[in-house]
Amino acid sequence: MKARVYVMPKAGVLDPQGKAIGHALEGLGFAGVGEVRAGKVIELDLAETDPAKAKALAEEMARRLLANTVIESFRVEVA
Amino acid sequence: MKVVVVVFPGTNRERDMAIALERATGRKPVMLFHRETALPQGTDLVVLPGGFSYGDYLRCGAMAAQSPIMREVAAFAARGGHVLGVCNGFQILCEAGLLPGALLRNASLRFLSMDCHMRVERAGTPYTAHWQQGAVFRAPMAHGDGNWFGDDQTLARLKAENLVAFRYCEPDGRTTQAANRNGARDNIAGILSPNLRVLGLMPHPEDYVDPLMGGTDGLPMFTSLVESLASA
């Protein structure tokens, strides 16, 4: 089954990339854009067929490697 | 004194590090590839040099922190071994959990390649014994992700336990915001482990160890190491 791991900078952690994207959007004339945060999505193709187990596995992977929980938070979706 | 310099794919500052170490110790360090699973017998110091290990994939240092030799380096540190991480080496030490916090993208989003000044915040350690407390020295920096971050609790603990080794400062020693070019929390340039034997810092003291390089500002770190490790 497929698992998607969403990794985002934690609230309160400076996200200069998101800030720069926000400035660029403003420069393009998009009005009303508040805070912009940039993260990443990691897609995993897992042999596991049980959704709960696949989710737990992907979460373990996120904790051990895919996210650095000092600065990032993560969320897993399975399908 | 037996020094091991660990080389990962993408490491590119191991040679300048080797020059500085050889100059201070009189012996060539052992270059050890990341696939090795053991440190040489009698290793006194492990150095993780600068570079862009694994192309900075995922996060700077994240891949290197998982490589086979890092399990050995962690065990070596746990036994009280000395480990120095410079630039990418500092990032790897944080990713491996040997030092607290993480290195974020520079606040300016720019790659910074220039000299900086640092103030010695903790003299009397194996790495800083040859400096006076509060001494200011110059070192080149070359990084895109040197913005040290730790949460409030981590920062408070580092300060309470006096584990901040170096802070970015002006040439006169003032720790201003302008001197803190990468945006690191509290101007932190380098931190120590509680036993003072693991040090990570972003700038490159190894690049100022000979007048021909433009200065010898970084030499005290290496002479300090030789002295403390020779007497250990």
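Listed values, structure above:
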read-out: Largest to smallest accessible area among B:Y127, B:Y57 [probe 1.4 Å]; value: B:Y57, B:Y127
read-out: The range B:151-232: equivalent-ellipsoid semi-axes (sqrt of 5 x gyration tensor eigenvalues, Cα, Å); value: 24, 20, 9
read-out: For chain A: span of alpha carbons on each principal axis (Å, largest first); value: 46, 25, 14
read-out: Debye-sum result for the range B:72-216 in log10 I(q)/I(0), which assumes one identical scatterer on each alpha carbon, at q = 0.12, 0.17 Å⁻¹; value: -0.44, -0.92
read-out: Charge dipole (the range B:1-141, unit charges on Cβ, about Cα centre) - positive-most of B:F111, B:T11, B:F52; value: B:F111
read-out: Computed P(r) (all Cα pairs; the protein assembly as shown; 20 Å bins; percent); value: 32, 55, 13, 0
read-out: Theoretical gain in end-to-end length, B:Y57 to B:A78 [0.36 nm per residue, Cα-Cα removed]; value: 4.8 nm
read-out: Long-range HN-HN contacts of B:F33 with modeled amide H, under 5 Å; value: B:V7
read-out: Whichever aspartates and glutamates have a C-alpha closer than 15 Å to that of A:K19, once near sequence neighbours (fewer than 8 apart) are set aside; value: A:E35
read-out: Table column - 3J(HN,Hα) (Hz), the range B:138-143, Karplus curve with 6.51, -1.76, 1.60, x for Gly and Pro; value: 10, 8, x, 10, 8, 7
read-out: Charge dipole (the protein assembly as shown, unit charges on Cβ, about Cα centre) - positive-most of B:A135, A:V70, A:V41; value: A:V70
read-out: Estimated FRET transfer efficiency when R0 is 51 angstrom, pair B:R138-A:D45 (beta carbons, to 0.05); value: 0.55
read-out: Dipole moment magnitude, nearest 20 debye, the range B:158-232 about Cα centre, only Lys, Arg, Asp, Glu C-beta charged; value: 360 debye
read-out: Rounded to 5, percent antiparallel among DSSP beta bridges of chain B; value: 60 percent
read-out: Dimensions (Å) - the range B:1-84, Cα atoms, principal axes, largest first; value: 37, 27, 17
read-out: Assigned charges on the beta-carbon of Lys, Arg, Asp, Glu; the protein assembly as shown dipole about Cα centre (debye); value: 220 debye
read-out: Residue of B:R105, B:R35, B:R59 that the Gaussian network model of chain B assigns the largest fluctuation, springs spanning Cα pairs under 10 Å; value: B:R35
read-out: Beta bridge orientation in the protein assembly as shown: antiparallel %, DSSP, nearest 5; value: 70 percent
read-out: Candidate lysines for bridging to A:K2, where Cα separation is under 27 Å - those fewer than 8 sequence places away on the same chain excluded; value: A:K10, A:K40, A:K53, A:K55
read-out: Chain B: relative contact order as a whole-number percent, Cα under 8 Å and 6+ apart; value: 20 percent
read-out: Cα centre as origin, Lys/Arg/Asp/Glu Cβ charges: chain A dipole, Debye; value: 120 debye
read-out: Among B:V164, B:L201, B:T154 the positive-end extreme of the charge dipole of the range B:149-201 (Cβ point charges); value: B:L201
read-out: Segments B:9-17, B:175-183 sorted - mean Cβ within 10 Å per residue, highest first; value: B:9-17, B:175-183
read-out: All-pairs alpha carbon distance profile, the range B:70-135, 5 Å steps from 0, percent; value: 4, 13, 16, 21, 21, 16, 9, 1
read-out: Karplus 3J(HN,Hα) series, Hz, for the range B:63-77 with 6.51 cos²θ - 1.76 cosθ + 1.60 (x for Gly, Pro); value: 6, 4, 4, 9, 6, x, 5, 5, 5, 5, 5, 5, 5, 4, 5
read-out: Per-residue mean of C-beta atoms belonging to partner chains within 10 Å, peptide B:52-64; value: 2
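The values are calculated or read from the model by the stated rules, or taken from the named source; none is laboratory data. Just so it is clear, the model here is predicted, and its values are computed rather than measured. Glycine gets a Cβ as well: all are built from the backbone with ideal geometry, and neighbour counts include every protein chain shown. Side chains are part of the model used for accessible areas, which takes the heavy atoms of the whole protein and leaves out ligands, DNA and RNA. Shrake-Rupley method; radii C 1.70, N 1.55, O 1.52, S 1.80 Å.
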